[in-house]
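**Student:** Encoded as structure tokens, here's the structure I'll be asking about.
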Amino acid sequence: MGTKMILDCDTGVDDTMAIMYAALHPEIDLIGMTTVWGNVDVPLATRNTLRVLELVGRGDVPVAQGAAGPISGGPAEFAYEVHGRDGQGGASDGAIPARAAEPVSAPQHIVDLVRAHPGEVWLVPVGPLTNIAAALAIDPELPRLVAGVSLMGGTTAAPGNVTPVAEANIWHDAEAAAAVFRAPWNIIMAGLDVTMRVIITPEHDARLAAGGQAGRYMSRIMQYYGEFYREHAFGTWGCAMHDTIAVAAAAGTLDVRLAPVVHVDVDASGGPGHGQTIADLRGAYRGYPEQEGAHCAVLLEIDGGVADAVVDLIAAAP
Ligand code: BDR
Ligand code: CA
């Protein structure tokens with residue numbers, strides 16, 4: 001049945017693409033979803049998640065709602081300027097999902113699903129890491145019970161997107177991220193080093209717009225997000241794919257060219273480096289020799305052809 005996966009989303013625009021890919025890919029067994037604050041507030045993330053699953057005919061995937069703000073209890077800041085006030089580029093269809101979330105918290109849902117399938121489940125968090133840190137607190141044995149954690153977050157050499165050095169998902173809850181990177185599980189870090197280099201172009205957009213219901217919806221909600229990236233990053237319309245890269249990495253559907261396994265720490269100091277992922281890449285000149293105890297594979301080079309594969313899958317959905 002393919003790779004068992006729990007996808008944890010702060011469902012904005014790129015999260016929606018990740019959900020569609022995970023829900024539609026024949027080699028992915030999406031056994032559950034959880035929602036978290038981040039791009040938007042968590043009730044909206046839940047509503048968007050339920051609606052997107054419905055759109056792709058996956059109303060069978062259980063969804064549990066999670067954290068409304070950082071693990072410290074500090075204030076939550078959202079990214080409506082990137083994802084629109086509805087988290088769907090101002091272009092959601094407004095439909096009320098037929099289902100509600102499960103009557104269980106996201107962290108508990110994660111623990112329950114992992115314990116039901118020991119050794120098999122990939123956790124794929126693509127928002128702030130609050131739910132994952134909370135799940136670790138509930139069940140400290142989680143690291144030996146999962147197949148791995150493939151997360152979208154952080155950066156090593158690419159510029160940050162919230163501060164000069166910090167990526168949004170890590171910066172939003174650096175304390176939770178520090179706990180997740182410290183836990184002894186295998187992590188794949190899909191950070192801005194790679195996710196800013198896989199772009200949905202106007203040509204991809206045209207393919208989505210000519211596709212079925214899912215493709216047309218994706219094309220519609222991407223317009224605003226692509227404009228944000230035109231203005232703040234690329235100078236031309238384009239959508240950084242971000243979250244889908246973490247899904248494809250977990251599923252093994254990504255052609256990874258360079259991903260050294262190194263120590264990664266998170267700066268949660270509150271200083272100018274707050275939210276930075278500090279990866280020990282000093283072995284770069286020697287082919288990245290093994291680092292004892294390191295358990296984080298940092299994606300540095302991937303094949304950008306994944307954008308075509310993702311677009312084709314979504315466009316072909318009914
Ligand atoms: C990350 O932040 C969010 O805006 C995106 O959904 C992605 O997960 C990129 O920094
Ligand atoms: Ca996200």
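No value in this document is a laboratory result; all are computed from the given coordinates. Computed from a prediction, not measured in an experiment: that's the story for all the values here. Here the Cβ positions follow ideal geometry from the backbone for every residue, glycine too, while neighbour counts run over all protein chains shown.
**Student:** If every alpha-carbon in the stretch 239-298 counts as one equal scatterer, what log10 I(q)/I(0) does Debye give at q = 0.16, 0.21, 0.27, 0.31 1/Å?
**Tutor:** -0.70, -1.00, -1.07, -1.13
**Student:** To continue, here is another question. Test of understanding: what is the full-extension gain from Glu203 to Tyr80, defined as 0.36 nm times their sequence separation minus their Cα-Cα distance? Each step should come with its number before you reach the end.
**Tutor:** Working: separation 123, 0.36 × 123 = 44.28 nm, distance 2.57 nm.
My answer for the length gained is 41.7 nm.
**Student:** Can you give the charge dipole size of the stretch 84-144 about its Cα centre, rounded to the nearest 20 debye, using +1 on the beta carbon of Lys and Arg and -1 on the beta carbon of Asp and Glu? Before the final figure, lay out the partial values.
**Tutor:** Working: 4 positive and 7 negative charges, 16 e Å.
My answer is approximately 80 debye.
**Student:** Lys and Arg at +1, Asp and Glu at -1: add these up for the other residues within a Cβ distance under 13 Å of Arg144 and post the number. All intermediate terms of the calculation are to be shown ahead of the outcome.
**Tutor:** Working: positive: Arg115; negative: Glu120, Asp139, Glu141.
Around Arg144, the surrounding residues sum to -2.
**Student:** GNM, the chain, Cα, under 10 Å: largest mean-square fluctuation among Thr253, Thr49, Thr35?
**Tutor:** Taking springs between Cα atoms under 10 Å, the residue moving most is Thr253.
**Student:** Under a Cβ-Cβ cut-off of 11 Å, what is the net charge of the residues other than Ile132 that fall near it, where Lys and Arg count +1 and Asp and Glu count -1? List each step's numbers first, then the result.
**Tutor:** Details: positive: none; negative: Asp8, Asp173.
Net of charged neighbours comes to -2.
**Student:** Just need the relative contact order of the stretch 1-89 here, percent rounded to a whole number, with Cα pairs under 8 Å and 6+ apart. Could you put the intermediate results ahead of the total?
**Tutor:** On the way: 171 pairs, mean separation 29.1, N = 89.
So the answer I get is 33 percent.
**Student:** For the stretch 53-66, take each phi angle, set θ = phi - 60°, evaluate the Karplus expression 6.51 cos²θ - 1.76 cosθ + 1.60, and give the result in whole Hz per residue in order, putting x for glycine and proline.
**Tutor:** Values, residue by residue: 4, 4, 4, 9, x, 10, x, 7, 7, x, 10, 10, 8, x Hz.
**Student:** Pick from Asp280, Asp86, Asp14: which residue has the top mean-square fluctuation in a GNM of the chain where Cα pairs under 10 Å get a spring?
**Tutor:** Fluctuation is largest for Asp280.
**Student:** Summing Lys, Arg as +1 and Asp, Glu as -1, what charge do residues with Cβ under 15 Å from the Cβ of Met33 carry, Met33 excluded?
**Tutor:** Details: positive: Lys4, Arg47, Arg51, Arg58, Arg99; negative: Asp8, Asp10, Asp15, Asp29, Glu54, Asp60, Glu102, Asp112, Asp243.
Within the 15 Å Cβ shell, the charges total -4.
**Student:** Using 0.36 nm per residue of separation minus the Cα-Cα distance, give me the extension gain between Arg99 and Arg144 in nm, one decimal.
**Tutor:** On the way: separation 45, 0.36 × 45 = 16.20 nm, distance 3.29 nm.
My answer for the length gained is 12.9 nm.
**Student:** Under a point-charge model restricted to the Cβ atoms of Lys and Arg (+1) and Asp and Glu (-1), what is the dipole moment magnitude of the chain relative to its Cα centre, in debye to the nearest 20?
**Tutor:** Values: 17 positive and 37 negative charges, 51 e Å.
Magnitude of the dipole: close to 240 debye.
**Student:** Sticking with this one: In whole Å, how far is the Cα centre of the stretch 48-100 from that of the stretch 222-301?
**Tutor:** 24
**Student:** Pick from Thr244, Thr236, Thr34: which is most flexible by mean-square fluctuation in a GNM of the chain where alpha carbon atoms under 10 Å apart are linked?
**Tutor:** The residue that fluctuates most here is Thr236.
**Student:** If you don't mind, another one. For Ala233 and Glu301, what does the FRET efficiency come to when R0 = 22 Å and r is the distance between their Cβ atoms, rounded to the nearest 0.05? Please list the in-between numbers first.
**Tutor:** Values: r = 20 Å, r/R0 = 0.90.
Efficiency at R0 = 22 Å is approximately 0.65.
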